[in-house]
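Everything on this sheet refers to the single structure shown next.
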Amino acid sequence: MKIDNYTNNHTNFGTSYRKVIKPSYQLGDCYEASTYFFVKGLQWNKFFNHLIEKYKDTPKVNVFSLACSDGSEAYSIAMLLISKLGEDKAKKYFPIIAVDFDRTITRNARKGYMNISQEDELSINKYTGNKLNLFFERTNQTFLSDNKGSTKDRDLLTRFKINPILKDKVQFITEDLNTYVDKMPTTNNLIFCRNCWPYLWKTSKEFAQKLSTKTDINSYLVLGNFDRIGCPMNTKNCYGFSMNKEFPNVLDKSGSDFFDNTRLFFTKIEDDI
Ligand SMILES: C[S@@+](CC[C@H](N)C(=O)[O-])C[C@H]1O[C@@H](n2cnc3c(N)ncnc32)[C@H](O)[C@@H]1O
């Protein structure tokens with residue numbers, strides 16, 4: 001793990017953990033780019049079974065991992081789709097467009113290596129049916145992560161090369177979400193925008209409104225547990241989004257107007273395998 005700071009030039013990209021504090025250090029000037037594979041807050045297996053059925057007659061599905069950090073989320077999506085459908089049938093979901101405004105993290109992501117913890121290895125094998133070795137090639141480089149945020153825990157990390165079957169499925173774009181959103185198509189969008197809404201801060205309402213124009217009845221917007229504060233649609237029904245009745249943290253344009261704010265505090269989303 002790496003804690004980086006705009007006020008110095010020290011950059012040691014050990015893992016996906018990165019904390020950036022701009023010199024002015026006001027709310028909205030600070031973000032963390034920490035992530036991992038199959039991030040909690042979504043019933044990954046059940047949701048993707050649902051998507052595969054929903055999009056079975058749709059020729060192209062546009063998949064976005066917005067605020068993608070090092071690509072762990074985009075690669076989780078790609079691995080799950082390939083494992084469930086096979087590479088050929090999963091083609092219509094690719095490339096997954098992964099967008100983040102952090103230049104360091106996106107530049108590193110394009111190099112094609114990931115630093116993977118033992119916990120990541122377990123979850124990758126769990127969700128893909130033991131296909132870690134299909135998607136990644138283990139190197140003999142291992143090291144201890146930095147402390148995780150404020151805790152003293154350190155992970156043993158192994159550096160893996162991402163195999164082409166996976167690497168080719170994700171395209172990284174370095175851009176602020178507030179401008180990238182204007183470039184997105186308007187139909188058949190599967191949008192992951194998770195665990196970044198508090199960082200959008202002053203722009204979150206305008207961003208949500210723009211994102212709404214990119215989310216039609218054949219689209220989904222997936223949020224994260226961390227977005228319980230910061231995402232306007234989590235505190236009231238707005239911009240035409242409804243909470244998906246079946247999947248917590250998923251919004252849709254079904255028109256159901258379903259909204260349940262007790263979910264934000266009382267729903268524990270368990271792993272579904
Ligand atoms: C905690 S990580 C979330 C990573 C991943 N989505 C997940 O759920 O694990 C937050 C990410 O949001 C990105 N971010 C914050 N504000 C952004 C903005 N305005 N435009 C693009 N990326 C942004 C940061 O660079 C960071 O990588």
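Before moving on, here are some points about what is shown:
- Look at 120, 260 and count the other Cβ atoms within 10 Å of each Cβ; fewest to most, that gives 260, 120.
- Quarter of Cα convex hull surface for segment 188-273, i.e. mean projection, nm²: 5.4 nm²
- Gain in span if fully extended, residue 236 to residue 85, counting 0.36 nm per residue against the direct Cα distance: 50.7 nm
- Antiparallel DSSP beta bridges within segment 140-254, as percent of all bridges there, nearest 5: 75 percent
- Inter-label distance, nm, simple model (7 Å from Cα along the C-beta direction), residue 183/residue 163: 3.1 nm
- Shown in residue order for segment 123-136 are the 3J(HN,Hα) couplings computed by the Karplus curve 6.51 cos²θ - 1.76 cosθ + 1.60 at θ = phi - 60°: 6, 4, 5, 5, 7, 9, x, 6, 9, 3, 6, 6, 8, 9 Hz (x for Gly and Pro).
- Taking only alpha carbon atoms, the chain gives an Rg to Rh ratio of 0.94, where Rh is the Kirkwood radius.
- Karplus (6.51, -1.76, 1.60) ³J(HN,Hα), θ = phi - 60°, over segment 50-64, in Hz, Gly and Pro reported as x: 5, 4, 4, 5, 4, 9, 4, 9, 8, x, 9, 10, 8, 9, 10
- 18 Å Cα-Cα reach of residue 46 towards aspartates and glutamates, excluding residues that sit fewer than 8 places from it in its own chain: 73, 246, 252, 270, 271, 272
- Considering only 164, 221, 211, and ranking their Cα positions along the charge dipole of segment 139-224 that arises from unit charges at the beta-carbon of Lys, Arg, Asp and Glu, the one farthest toward the positive end is 164.
- Taking each DSSP H run with n ≥ 4 as -39500 (n - 2.57) and averaging over every residue of the chain yields -7000 deg cm²/dmol at 222 nm.
- Across segment 182-194, computed HN-Hα scalar couplings (Karplus, 6.51 cos²θ - 1.76 cosθ + 1.60, θ = phi - 60°) run 5, 8, 6, x, 10, 9, 6, 9, 10, 10, 9, 9, 10 Hz from first to last residue, x flagging Gly and Pro.
- Neighbour-count ranking [beta-carbon atoms within 10 angstrom, fewest first] of 223, 122: 122, 223
- With neighbours defined as other Cβ atoms within 10 Å of a residue's Cβ, the residues 252, 102, 271 order from fewest to most as 271, 102, 252.
- Cα centroid separation - segment 37-73 against segment 212-273, whole Å: 15 Å
- Residue-span extension gain [residue 104 to residue 138] - 0.36 nm each, minus C-alpha spacing: 9.9 nm
- Counting DSSP beta bridges with both ends in the chain, the antiparallel % (nearest 5): 55 percent
Here, each number is a calculation from the coordinates, and none is a lab measurement. Computed from a predicted structure; not experimentally measured. Every residue, glycine among them, receives a Cβ derived from its backbone with ideal geometry; neighbour counts consider all protein chains shown.
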